[in-house]
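Values quoted throughout were computed directly from the atomic coordinates according to the rules given, and no laboratory measurement underlies them. Since the structure is predicted, the reported quantities are computational estimates derived from the model, not experimental observations. Because the Cβ atoms are built from the backbone with ideal geometry, glycine has one as well, and the counts that use them run over all protein chains shown.
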Amino acid sequence: MKSQITNALSDFFFEYETPRQVLVRNRRVGVVCRIIQLGVLAYIIGWVFIYEKGYQSTDTAVSSVYTKMKGVGYTSMNGTERVWDVADYVFPSQGSSSFVVMTNYIITEGQAMGKCPELPGKHNCSSDADCEGGRYRREMTGACVNSTKTCEVLAWCPVENDHNIPDPPLLISAENYTLFIKNSVTFPLFGVTRSNLVEGVDTSYIRTCLYHPKDAPLCPIFRLGDIVQQSGFSIENIAKEGGAIGIVVDWTCNFDVDVKHCKPKYNFHGLYGHPDEKDKVKASVGYNFRYAKHYIENGIQKRTLLKVFGIRFDIIVQSLARKFDIIPTLTAIGSGVGIFGVATVVCDLVLLYLLPKREFYKNMKFKHTDSHTQEPDSEACSTETGESKK
């Protein structure tokens, strides 16, 4: 018993088993096998290693964006001249990555809380019975004003009339405003921090540069008219009723080379605006909101209401950094070697089921045994025993 255990352990540690292979000389099967192997090799080298960079590990960045607008607008309505600066036309004013630049507006001045008739065409009435309270968005008093034939409401009076949007836009000069973008990114996995103020973009350069996709692709100062144009909109159409534009800061970096080659690329995408240019949905066109400036006049609280039409800018940071790593490299190589087994499987199917000599190949590939046949060693032993008896 002890010798059997020793032999078993010796066989386990000191013997090596390898599968038996059959060499098949067949041109068609050989060509199929080589074509499949070349295809797998092209996939591993071309797709996995060259295109997908399977030998590198990846990381995305933690990002921060700061923005700053510059420019002055001028309007003249009904003899009233106004100058609009950054504090007036940018919402919010904290320099966030998402903000609105006002390009058009409807102003209603001197509103005070009280009772006044609704606008003509809204909530028409012929008697007080047509003005029951709580039926509409404004609180009705239940009275019908004969002069306008509209219901009386409790609201900020006079009520806003936003039927006619100014055309051309009042602040079409917004196309000459400039936007400064400051963006910092950190790739935690690789311990790399970069800013869009890369090498060569210093104070003197920023004072004179203006972004251009070919002439000045790294300049962080953008003219709003150029942004709108490169997004696919026209400033005249989107400025009237507003819209939205996405500014993508793309950080695609390869840290197998010097870090200074990691630089941002800027792309501009029109999200929604004028329906004749990009939008398919005709309802709820543009972008607008309201805000009010409250004040006290002769002891009465009043407000100036503005319905603002503007361009919403969303700055989106897109990042992907790569660097050589032995772990994904070995993983990619191992998976590629495993895929080579597809050629063997396909060729075996062709040999065993499609070729005219498939029975011959089956006999060569598989060795069949009969459990009822006496083993050769047993036959020899019994022969020797018989001879000894003689």
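General remarks:
- Computed lengthening from Tyr51 to Glu15, 0.36 nm per intervening residue step minus Cα-Cα distance: 8.6 nm
- Over the chain, DSSP H runs of length four or greater, each weighted -39,500 (n - 2.57), average out per residue to a 222 nm ellipticity of -8000 deg cm²/dmol.
- Between the helical axis of 2-14 and the longest alpha-carbon principal axis of the chain there is an angle of about 50 degrees.
- Residue with peak Gaussian network fluctuation, the chain [Cα springs, cutoff 10 Å], from Asn124, Asn176, Asn298: Asn298
- Subtracting the Cα-Cα distance of Val337 and His269 from their residue separation scaled by 0.36 nm leaves 20.2 nm.
- Modelled label reach - Gln301, point 7 Å along Cα→Cβ, segment 104-134 residues with backbone N closer than 16 Å: 110-115
- Hydrodynamic radius of the chain per Kirkwood, over alpha carbon pairs, in Å: 29.6 Å
- Semi-axis lengths, Å, segment 1-98, gyration tensor of Cα atoms, sqrt of 5 times eigenvalues: 78, 27, 8
- Cα point-scatterer Debye curve for segment 119-158, base-10 log of I(q)/I(0) at q = 0.20 Å⁻¹: -0.48
- Per-pair calculated FRET efficiency, R0 = 22 Å: Ser234 and Glu81 via Cβ, rounded to 0.05: 0.20
- Take the Cβ atoms of Phe180 and Asp250, set R0 to 22 Å, and the FRET efficiency comes out at 0.75.
- Shown is the FRET efficiency for Ser64 and Glu139, computed with R0 = 45 Å from the Cβ-Cβ distance and rounded to the nearest 0.05: 0.50.
- Label-to-label distance, nm, for residues given as Ser3 and Leu352 (7 Å Cα→Cβ offset): 4.1 nm
- Links that overshoot a 25 Å alpha carbon limit, given the list Lys182/Lys307; Lys182/Lys293; Lys115/Lys302: Lys182/Lys307; Lys182/Lys293
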